[in-house]
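Coordinate-derived values only; no laboratory data. Small disclaimer: the values here were computed from a predicted structure and weren't measured. Here the Cβ positions follow ideal geometry from the backbone for every residue, glycine too, while neighbour counts run over all protein chains shown.
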């Protein structure tokens with residue numbers, strides 16, 4: 001009859017391997033979580049920017065054709081001093097936000113109008129969006 005020794009418990013190597021696996025899994029989960037937060041901030045900024053663009057286009061649609069270039073000068077960042085675009089959009093909420101209205105040809109009819117918005121995220125990366133419409137007399 002032979003006597004067997006029964007091992008109980010874990011060795012130090014097994015404990016270190018289990019700990020390493022736990023640390024790697026935790027890091028992977030945190031990276032996914034932080035990536036999700038980052039993508040959520042980008043989506044939020046894009047939504048706010050699109051809302052501002054739509055507000056601008058609605059205001060442009062309501063402006064008489066012969067007043068367009070005076071109220072929305074071609075290429076002027078954030079509008080003229082008498083008609084700042086922040087008054088139209090309800091102030092800018094994005095970091096470094098700028099809105100520019102441009103025309104392909106100021107004398108054409110129909111007039112093609114492009115509204116562009118640019119902004120920065122929290123890290124300082126630049127983003128931009130634009131919408132185009134046409135307006136005729």
(message) Based on alpha-carbon centroids, what's the gap between region 81-131 and region 55-73 in Å, whole number please?
(response) 13 Å
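Using the count of nearby Cβ atoms within 10 Å as a rough guide to exposure, how do 86, 102 rank from fewest to most?
Ascending Cβ contact count within 10 Å gives the list 86, 102.
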(message) Relative contact order of the chain, please, whole-number percent, based on alpha carbon pairs below 8 angstrom and at least 6 residues apart.
(response) 19 percent
(message) With the alpha-carbon atoms as the only input, what is the per residue convex hull volume for region 25-84 in Å³?
(response) 90 Å³
(message) Just to confirm the number: angle between the C-alpha axis of helix 12-62 and the first principal axis of the chain, 0 to 90 degrees, nearest 10?
(response) 10 degrees
(request) Please order 3, 60, 99, 42 by the number of other Cβ within 10 Å, starting at the fewest. (result) 3, 42, 60, 99
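Among 33, 103, which comes first, second and so on when ranked by fewest other beta-carbon atoms within 10 Å?
If I rank by nearby Cβ atoms, fewest first, I get 33, 103.
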(request) From zero up to wherever the largest Cα-Cα distance of region 12-135 sits, split into 5 Å bins and tell me the percent of pairs in each. (result) 2, 10, 17, 17, 12, 8, 7, 5, 4, 4, 4, 3, 3, 2, 1, 1, 0
